[in-house]
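Single-structure report; data block below.
The values are calculated or read from the model by the stated rules, or taken from the named source; none is laboratory data. These numbers come from a predicted model, not from an experiment. Backbone-built Cβ (ideal geometry, glycine too); neighbour counts: all protein chains shown. The accessibility values were calculated without ligands, DNA or RNA, using every heavy atom of the protein model including side chains. Shrake-Rupley method; radii C 1.70, N 1.55, O 1.52, S 1.80 Å.
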Amino acid sequence: MARFGVISSRDNPQIKRAAKLAASSRSRRENGLFVVEGVRLCLDALRSGLPVETLFYTAAGQRRYPEAVEELKGAAAAAFETDPAVFAKLSDTATPQGLICLCPIPERPEGTAVDPRGKYAALEHIADPANLGTMARTAEALGLDGLLLSPDCCDPYSPKVLRAGMGALFRTRLFPADDFCGTLAALRERGMSLYAALPRRDARPVTQVRFGPGAVILIGNEGGGLTEEAVALSQPVTIPMGGRAESLNAAAAAAILMWEMLR
């Protein structure tokens, strides 16, 4: 199969494969690849050390971003100029920039592989891609050592999460925890301190907690919060709020909690 050339058919095998990767988390897991769209994210992936398995670009994209396309073509194992109508089959944006890369999913060690002296956020059933991407962006910006993800979190390599993360997913260490509460219990046995973020009056204000080495802050689902099993393993903490709102958006709450952990 050609590794360079022009694609004009929507039935091209390369296009069909890339379209499945863009649409399906199962396909991403099975193939170990994910889709990166847009000049900024494609270059960020490359410059963060991710190999480029395949580059798709339009003639308009090459005219608009000639240096970026040449840099990506030089790094890619395969590169195809793609008809705009065909490219639209892959794109997840309303106004495509004309650049899409396929990159391998970075190795993700199990949750029990975390550094017991590090500081982490453990995310349970985060369902909104925008929230997960924003949390990863905050974690990377503040210098958290990584994120633990329960198996029912949304796919961190979906196009919507990647856009919200603005490249953070290329550099943030992710630790899948297939048995979320079992992983938390194992970390506690190793001496790590677990803190459950809860909107409860009887929880300790997070501003009063001294987060030493080996700390994990648990953040739960946007609507349902943390499960009782996860809470039972942790010390409850809360964000003091002087207004009338009962709670914060999950991503906003996560930003405050991560800041306090690293302050």
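Could you derive backbone 3J(HN,Hα) for the stretch 74-89 from the dihedral phi with the Karplus parameters 6.51, -1.76 and 1.60 (θ = phi - 60°), listing whole Hz in sequence and x where the residue is Gly or Pro?
In residue order, the calculated couplings are x, 9, 6, 6, 8, 9, 9, 6, 10, 4, x, 5, 6, 4, 4, 5 Hz.
Provide the per-residue ³J(HN,Hα) series for the stretch 226-233, in order, calculated from phi with Karplus coefficients 6.51, -1.76, 1.60 and θ = phi - 60°, each as a whole number of Hz, with x at glycine and proline positions.
Along the stretch 226-233, the couplings run 7, 6, 4, 5, 5, 4, 5, 8 Hz.
What percent do you get for the relative contact order of the stretch 150-263 when only Cα pairs under 8 Å and 6+ apart count?
Values: 117 pairs, mean separation 30.2, N = 114.
Dividing the mean separation by the residue count of the stretch 150-263 yields 27 percent.
Compute the relative contact order of the stretch 75-153 as a whole-number percentage, counting only Cα pairs closer than 8 Å that sit 6 or more residues apart in sequence. Can you show the working numbers first?
Details: 45 pairs, mean separation 23.0, N = 79.
The normalised contact order for the stretch 75-153 reaches 29 percent.
Take every DSSP beta bridge with both residues inside the stretch 156-263 and express the antiparallel ones as a percent of the total, to the nearest 5.
Details: 1 of 10 bridges.
Bridges in the stretch 156-263 are about 10 percent antiparallel.
How much net charge surrounds Ala113 when only other residues with a Cβ under 12 Å from its Cβ are counted (Lys, Arg +1; Asp, Glu -1)? Provide the component values of the computation, followed by the final result.
On the way: positive: Arg108, Arg173, Arg190; negative: Glu107, Glu110, Asp115, Asp145.
Combined, the nearby Lys, Arg, Asp and Glu give -1.
Using a simple charge model, +1 on the beta-carbon of Lys and Arg, -1 on the beta-carbon of Asp and Glu, nothing else, what dipole does the stretch 1-144 show about its Cα centre, in debye to the nearest 20?
On the way: 18 positive and 17 negative charges, 41 e Å.
Dipole about the Cα centre, nearest 20: 200 debye.
Counting only heavy atoms of the protein chains, get the accessible area per residue of the stretch 65-129 (1.4 Å probe) and round it to a whole Å² value.
Details: 2820 Å² over 65 residues.
Counting only protein heavy atoms, the per-residue value for the stretch 65-129 is 43 Å².
Please give the net charge around Ile217, taking every other residue with its beta carbon less than 13 angstrom from that of Ile217, where Lys and Arg add +1 and Asp and Glu add -1. Please list the in-between numbers first.
Values: positive: Lys119, Arg204, Arg263; negative: Glu124, Asp145, Glu260.
Net of charged neighbours comes to 0.
Under the 0.36 nm per residue contour assumption, what length would be gained going from the current alpha-carbon distance of Ala88 and Glu229 to full extension? Walk me through the numbers on the way to the answer.
Numbers: separation 141, 0.36 × 141 = 50.76 nm, distance 4.44 nm.
Working it through step by step, the gained length comes to 46.3 nm.
Report the Cα centroid-to-centroid distance between the stretch 136-185 and the stretch 26-71 in angstrom, as an integer.
The stretch 136-185 and the stretch 26-71 have Cα centres separated by 21 Å.
Show me the ranking of peptides 155-168, 60-73 by mean Cβ neighbours inside 10 Å, starting with the highest. Could the numbers behind the result be given before it?
Details: 155-168: 21.9, 60-73: 16.0.
Highest-to-lowest ranking by the protection proxy: 155-168, 60-73.
Placing +1 on the Cβ of each Lys and Arg and -1 on the Cβ of each Asp and Glu in the chain, which of Thr93, Asn249, Gly191 has its Cα farthest towards the positive end of the resulting dipole?
Highest projection toward the positive end goes to Thr93.
Suppose a student asked you for the relative contact order of the chain, using Cα pairs under 8 Å spaced at least 6 residues apart; what percent would you report? Show your work: numbers first, answer last.
Working: 512 pairs, mean separation 49.6, N = 263.
Worked out over the chain, it gives 19 percent.
Is it possible to state the helix-based mean residue ellipticity at 222 nm for the chain, with each DSSP H run of 4+ residues giving -39500 (n - 2.57), the sum divided by total residues, to the nearest 500 deg cm²/dmol? What is it?
Working: 11 runs with 96 residues, N = 263.
Computed ellipticity for the chain at 222 nm equals -10000 deg cm²/dmol.
With a 1.4 Å probe and all protein chains left in place, how much of the accessible area of the stretch 89-183 comes from carbon and sulfur atoms, in whole percent?
Details: 1710 of 3600 Å².
The nonpolar share, carbon plus sulfur, comes to 48 percent.
Net charge near Gly32, counting Lys/Arg +1 and Asp/Glu -1 over other residues with Cβ under 15 Å of its Cβ?
Values: positive: Arg17, Lys20, Arg26, Arg28, Arg29, Arg108; negative: Glu30, Glu53, Glu107, Asp155.
Residues close to Gly32 contribute a combined charge of +2.
Beta carbons within 10 angstrom, averaged per residue: use that to sort the peptides 79-92, 7-20, highest first. All intermediate terms of the calculation are to be shown ahead of the outcome.
Values: 79-92: 19.1, 7-20: 15.6.
Sorting 79-92, 7-20 by mean packing, highest first, produces 79-92, 7-20.
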